[in-house]
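The values are calculated or read from the model by the stated rules, or taken from the named source; none is laboratory data. This is a predicted model, so every value here is computed, not measured. FYI the Cβ positions are ideal-geometry reconstructions off the backbone, even for glycines, and counts take in every protein chain you see. Keep in mind that these areas ignore ligands, DNA and RNA; they rest on the heavy atoms of the full protein, side chains included. Shrake-Rupley method; radii C 1.70, N 1.55, O 1.52, S 1.80 Å.
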Amino acid sequence: MGKQHLHRVQNFFKLAKSRLKPYVRYVILGGTFLFIAKAFFTHWREVANIQIRAESFPLLAIALGITLVSLIFVGWVWMLILREFNQVVSVRWAIQIFLKTNIAKYLPGNIWHFWGRISEAKKAGISQKVSILSVLLEPLLMASAGGLIGLICFDKFNGFLRIFGCAAILTAIQPRILNPIVLFVERWKLSKKNGENSEIGEEIGEEIGEEIGEEIGEVAGDRPTWRFGSSSNLAKNTSGVKSSRKINLPIKRYPLVPLIGQMCFIGLRGCGFLLTVMALNPVNLIDIPNLFGAFCFAFVVGLVVPGAPGGMGVFEATAIALLSDRFSVAIILSAVALYRIVSILADVAGAAVAKIDRQRGQVKRR
């Protein structure tokens, strides 16, 4: 009787989870937008009094340029991550694909930019397992980089918490710990796709199950090796990608270089946010570290919270919550709204640049 009762309880929770899961994203988005709306209606008079001065437009233009450069830079970082899996990828191809697919992060589900990179990598002859791991390792390192910079810059943490937090993050991305995290996120992210495309979901689910079993075997002392055939000559010529015949999929060495690259990316994005704030209101030098730190935490929360396409709403709400006690709420509300516009314009410009560059490459080959 006890086992039957436990089984019924488990089935009940599974059913409740499956029924409620589609509404979680709406609860998150609704909560964040209600928070932002409340702040706006409370301070709408102050927001209405803010004016964009003539000297603000050059700052906003520079913020847009820096944000676009950051996207190009993180495409290069994705190339470094692919090379961690012994995939010799051309810089131009990696940046093109990253810029082309990045705009899809604003679609519902917040997985389509990942799926686009996986599809493009498969077309280039890269194993599906390698492409999946590369696009999942990239945001994990991005979140780690943002957390590190946030802990260093934001002054609400004492020395002990900063040291402990940084040590925890740096320890968490060492291969023994990072591999199970990557595989877990892989299964969680692609399970969303499973509901909309069951055939692809089943195929990926089988591969993920094999990876998890092999990962468990490795932790126990058995170190399996994955082997994949090399890509075709056509894929190599069209994409600049060369696949190794033998690849050890689990991350084998500490991803220091990609982590530093992601920290540079976060720094560039933070500069864009700082310039956006400066376009609305002068900023004292003493406030710059806190602005950077708050931006990093808001960026990370927007990155990891599910259900928010492109972190929309979550990033803004977090930034307002962290900075409202140091800056005018009206300034922060206006700054996060303006920065969202800058970010979207940079994403659109990046996709356009990738398309133009690809068309030029095709014309030259002809």
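Some points to look at:
- Trypsin sites (Lys or Arg not before Pro) restricted to DSSP loop in the range 53-104 with at most 14 other C-beta within 10 Å: ARG53
- Solvent exposure, largest accessible area first (probe 1.4 Å, DNA, RNA and ligands not counted), of TRP76, TRP115: TRP76, TRP115
- Solvent exposure of the range 63-160, expressed per residue, is 31 Å² of accessible area, with all protein chains present and a 1.4 angstrom probe.
- Most to least accessible of ILE356, ILE81, ILE169 (protein chains only, probe 1.4 Å): ILE356, ILE169, ILE81
- Of LYS105/LYS355; LYS156/LYS252; LYS105/LYS156; LYS105/LYS129; LYS122/LYS252, those spanning more than 25 Å from alpha-carbon to alpha-carbon: LYS156/LYS252; LYS105/LYS156
- Pairwise centroid distance, computed over Cα atoms, of the range 334-366 with the range 71-135, Å: 16 Å
- Percent carbon-and-sulfur accessible area, the range 60-176, ignoring ligands, DNA and RNA, probe 1.4 Å: 74 percent
- An ellipsoid equivalent to the range 253-366, defined through the eigenvalues of its Cα gyration tensor, has semi-axes of 30, 18, 15 Å when rounded to whole angstrom and sorted largest first.
- Take 338-347, 323-332 and order them by the average number of nearby Cβ atoms within 10 Å per residue, most first; the result is 338-347, 323-332.
- Note on the range 287-366: with neighbouring protein chains present and a 1.4 Å probe, carbon and sulfur make up 66 percent of its accessible heavy-atom surface.
- Accessible area in the full protein assembly, largest first, 1.4 Å probe, for THR171, THR276: THR171, THR276
- Overall shape of the range 90-170 was characterised from the C-alpha gyration tensor. The equivalent ellipsoid obtained from it has semi-axes of 32, 14, 11 Å, in decreasing order.
- Whole-number Å³ per residue for the convex hull built on Cα positions in the range 44-189: 169 Å³
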